[in-house]
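We did not get these values from a lab; they are worked out from the coordinates using the rules stated. The model shown is predicted, which means the values in this text are computed figures rather than measured ones. For neighbour counting, all protein chains shown are included, and Cβ atoms are generated from backbone atoms with ideal geometry for every residue, glycine included.
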Amino acid sequence: MSSPPSPIASWHGGGRVGLIDRGNIAWRTVESRLESDLRHALEQDEIELLFQPQVSIASGRIVGVEALARWHHPILGELGAHPLFAAAARSDHLSQLSAHVQEKALRRAGHWPEALATLGIAVNVTASDLARPDFAGRFAAMTAESGLDRSRVTVEITESEMIEELDAAAMLLAALRRDGFRIAIDDFGTGYSSLAYLKALPLDYLKIDRRLTQDIVGSARDRIVVLGVIEMARSLGLRVIAEGVETEAQRDELARAGCDYYQGYLCAPPVGEAELERLVLAGVSVRD
């Protein structure tokens, strides 16, 4: 009996996962189309942003957001950051896309209304960004132009690529930190992140990958691993943010383990600025 065609790619957006299947779309054609269309999307400023709230576990209040790129593709629908940045890397548009999203996020946050004026904002940077000696100066200049106080901005290192030159990246991040920015490592526990990152990079936050978040209510063995990561981070003086928190049970176990903040659907999916303002003005609290 023949097996059904297997999916060869997926994208996330709007709380759903789309699958590109070998049986109905040639993936190489899709890749080529994405790369070509992305160039047009950048030229026409079609890359949008959503903001996922980050919640203080102690108070249940929204204290910051992570800026997330979204692209409403005319055929494939809403594409999230992972397929978007993958297409950019294949088409040599990674630096252009990264700078576009960073500048847009900072500019938007710099014009937020009073209700959002104290929120922190986490802006993703890639290993390619950190490989550019002029990145710290350019990022500081973008922030200054936006009018944002640097203390509100967290530089969040994504897992799209391995950081090849840790010493050089550490020096660049240290320069940003001296200038008043905060530094976070994203998706810790998966991908390229490792203990070497924790040892080498000047960090303020460690973000636990969503798979570790799920493990906090898993088997005893799973819990031990998550508790160990949180304890290690706290011993290093880092504040801990859990990604992908979907249930009260996860949140409560993370609170008991010493996690400081969370983001995830328990509070809200990535939202636009109007919905973000509504949540903040409502004093949203998801603690019992």
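Before moving on, here are some points about what is shown:
- Long hydrophobic helices in the chain: none of the complete DSSP H runs spans 27 Å or more by Cα along its own axis with mean Kyte-Doolittle hydropathy of at least -0.5.
- Remark: 261, 197 ranked as 197, 261, counting other beta-carbon atoms within 10 Å and listing the fewest first.
- Shape of the range 49-103, Cα gyration tensor, a/c cut at 1.5: prolate
- Considering only the chain, percent of DSSP beta bridges that pair antiparallel, nearest 5: 50 percent
- Inter-site label distance for residue 167 and residue 200 at 7 Å from Cα along Cβ, in nm: 1.0 nm
- Cα lying deepest toward the dipole's positive end in the chain, options 205, 141, 229, charges on Cβ: 229
- Footprinting exposure proxy for 256, 221, 138 (fewest neighbouring C-beta atoms within 10 Å first): 221, 256, 138
- Volume in Å³ per residue [convex hull over Cα atoms, computed for the range 97-168]: 85 Å³
- Using a Förster distance of 25 Å, the FRET efficiency for residue 111-residue 46 (Cβ separation, nearest 0.05): 0.80
- Prolate/oblate/rounded call for the chain, Cα gyration tensor, a/c under 1.5 rounded: rounded
- Amide H partners (placed H, <5 Å) of residue 64, local residues excluded: 54, 120
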